[in-house]
Amino acid sequence: AGSMTYRIAVLPGDGIGPEVTREAVRVLEAVGAAAGIRFEFVEAPIGGAAVDATGDPFPPETEQACLAADAILLGAVGGPRWDREPVARRPESGLLRLRKGVGAYANLRPVRVHPALAGRGPLRPEVVGGGIDILIVRELTGGLYYGERGVQQEPFGERAYDTMVYTTPEIERVVRMAFQLARGRRRRVISVDKSNVLETSRLWRRVTEAVAEEFGDVELEHMLVDNAAMQLVRNPGRFDVLVTENTFGDILSDLGAALCGSLGLLPSASLGLPGRPPLFEPVHGSAPDIAGRGIANPLGAIASAAMMLRYAFGLEREARAVEEAVDDLLAAGPWTPDIAPPGAPVAGTEDVGRAVARRVRERL
Ligand code: NAI
Ligand code: MG
């Protein structure tokens, strides 16, 4: 550390977005102070807040700030206030434009259940066992969501179709990323497909086998998607890195999220194209039902900041310090209402952010 400065575009957004983002920035500032690293924060509006300020949910200034940054930290966008706006002025269209501009082809969704929280989510404590630690890597730019589609009139009614298309390079780059990520973890990749039925899945499997040749130190297993859904619930401890195509990843990552107990805990990262800033955001939305009350759980946003340290800046030691500080709090509090054990006192968003920052300073 020393002379290097990391530029971070901070896009707080709407609802609880600004509340949780503020705490993530607080934790990054604590990391910077304790480890002698310089972070420069450039805040810019997005979503409903940007519509109110400029009439555009992703204004040019915000796009500039993002492109000039080394990484982007996003809160969340949207809310009932903007639900009747025309599409171009909808907060979600700002988010889509941001994601498109970043051009990420891999969406990383870690699913971690700390042993301290075993039994608080939907799974029995004995299934959670020693904790769950899965990294879901979802392909983001191909498959059904981008294939040729259409609707036609027929004598019997309508006929609609979507097509799933994948190419060798599209599969290769995301699978290779999954293997690289596995090297920093427990060195196991489970590739999920439907190769007993789908041609794209058979290609996926062939390409994955070929990529695996480059990674003799990482173990590869293939799993059919229906079985993967079952295994995630029955035996989640056997997963390390799970890589899959776009649609399967959309579904399985929400299934994974449900294992955790609170949406407020879950981080995500979207990475891929060299030269474009990666994007980090909590999985949750703007939570209008609790916005403005200072009780939102900031740990998903803070864990997203930890992913930024690891994947955007290569600051593994600092990322771990933040994750361990989060684990400390899950076990010992303070807790926001969504995760507080029955009978325990509840804390606010800022209390939790300050407690993580304090523990990070102790650890670094
Ligand atoms: P949501 O994720 O905002 O909230 C779902 C439920 O989880 C609510 O009961 C909320 O109070 C709770 N929750 C969410 N985050 C929490 C946190 N950090 N701490 C404690 N509790 C938390 O999803 P919802 O209600 O479907 O959407 C609300 C708005 O957010 C909509 O306008 C939607 O379009 C937008 N949205 C935005 C996303 C984004 O910016 N990436 C993602 C999902 C929704
Ligand atoms: Mg989804």
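The values are calculated or read from the model by the stated rules, or taken from the named source; none is laboratory data. What you are looking at is a predicted structure, and each value in this text was computed from that prediction instead of being measured. Cβ placement follows ideal geometry from the backbone for every residue including glycine, while neighbour counts extend to all protein chains displayed.
For GLU199, the conditions (1) crowded, with 18+ Cβ neighbours inside 10 Å; (2) more than 26 Å from TYR311 (Cα to Cα) are fulfilled apart from (1). Going residue by residue through the stretch 87-99, is there one that turns out to be under 25 Å from the mean Cα position of the chain (by Cα), within 30 Å of ARG202 (Cβ to Cβ) and in the same structural domain as PRO57 (by TED's automatic domain parsing)? Yes, that holds for at least one residue. Tell me yes or no: at least one residue of the stretch 176-194 is closer than 12 Å to GLU245 by Cβ, part of a loop (DSSP other than H, G, I, E, B) and more than 19 Å from the chain's Cα centre (by Cα). Among the residues of the stretch 176-194, at least one is closer than 12 Å to GLU245 by Cβ, part of a loop (DSSP other than H, G, I, E, B) and more than 19 Å from the chain's Cα centre (by Cα), which makes the answer yes. Of the candidates LEU309, LEU220, the single residue that is assigned by TED's automatic domain parsing to the domain that holds GLU172 and more than 16 Å from ligand 2 (Cβ to nearest atom) is LEU220. Just the residues that are near ligand 1 (Cβ under 9 Å from one of its atoms) and either in contact with a helix residue (DSSP H, G or I) (Cβ under 6 Å, 6 or more places away or on another chain) or polar (S, T, N, Q) (or both), please, taken from the stretch 56-80. Of everything in the stretch 56-80, those that are near ligand 1 (Cβ under 9 Å from one of its atoms) and either in contact with a helix residue (DSSP H, G or I) (Cβ under 6 Å, 6 or more places away or on another chain) or polar (S, T, N, Q) (or both) turn out to be GLY75, ALA76, VAL77, GLY78, GLY79. Just one residue in the set LEU117, LEU140, LEU108 is within 16 Å of ligand 2 (Cβ to nearest atom), over 27 Å from THR5 (Cα atoms) and not β-branched (Val, Ile, Thr); that residue is LEU140. Restricting the first member to the stretch 339-351 and to residues that are polar (S, T, N, Q), and the second to residues that are part of a helix (DSSP H, G or I), the beta-carbon pairs closer than 9 Å and six or more apart or on different chains are THR349/GLU19; THR349/VAL20; THR349/ARG22; THR349/GLU23.
Could you tell me whether ARG293 is charged (D, E, K, R), exposed (fewer than 14 other Cβ atoms within 10 Å of the Cβ) and within 27 Å of LEU95 (Cβ to Cβ)? In short, yes. The stretch 231-284 holds strands (runs of 3 or more DSSP E) entirely within its bounds, and those carrying 2 or more residues that are away from ligand 1 (no atom under 16 Å from the Cβ) map to 241-244. Scanning the stretch 146-154 turns up no residue that is in contact (Cβ under 8 Å) with a residue 24 or more places away in the chain and hydrophobic (A, V, I, L, M, F, W, C).
Only one of the numbered conditions (1) modelled with pLDDT under 95; (2) not in a loop (DSSP other than H, G, I, E, B) is violated by LEU74, and that is (1).
For residues that are of a type in the set (Val, Ile, Thr) and within 16 Å of ligand 1 (Cβ to nearest atom), scanning just the stretch 1-45, find the one that is surrounded by the fewest Cβ atoms within 10 Å (Cβ to Cβ). Among residues in the stretch 1-45 that are of a type in the set (Val, Ile, Thr) and within 16 Å of ligand 1 (Cβ to nearest atom), the one surrounded by the fewest Cβ atoms within 10 Å (Cβ to Cβ) is VAL25.
Residues of the stretch 285-334 that are hydrophobic (A, V, I, L, M, F, W, C) and part of a loop (DSSP other than H, G, I, E, B): ALA287, ILE290, ALA291, ILE295, ALA296, PHE313, LEU315. When the stretch 75-98 is filtered for residues that are more than 16 Å from ligand 2 (Cβ to nearest atom), closer than 19 Å to GLU281 by Cβ and among the hydrophobic types (A, V, I, L, M, F, W, C), the ones remaining, listed by number, are TRP82, LEU98.
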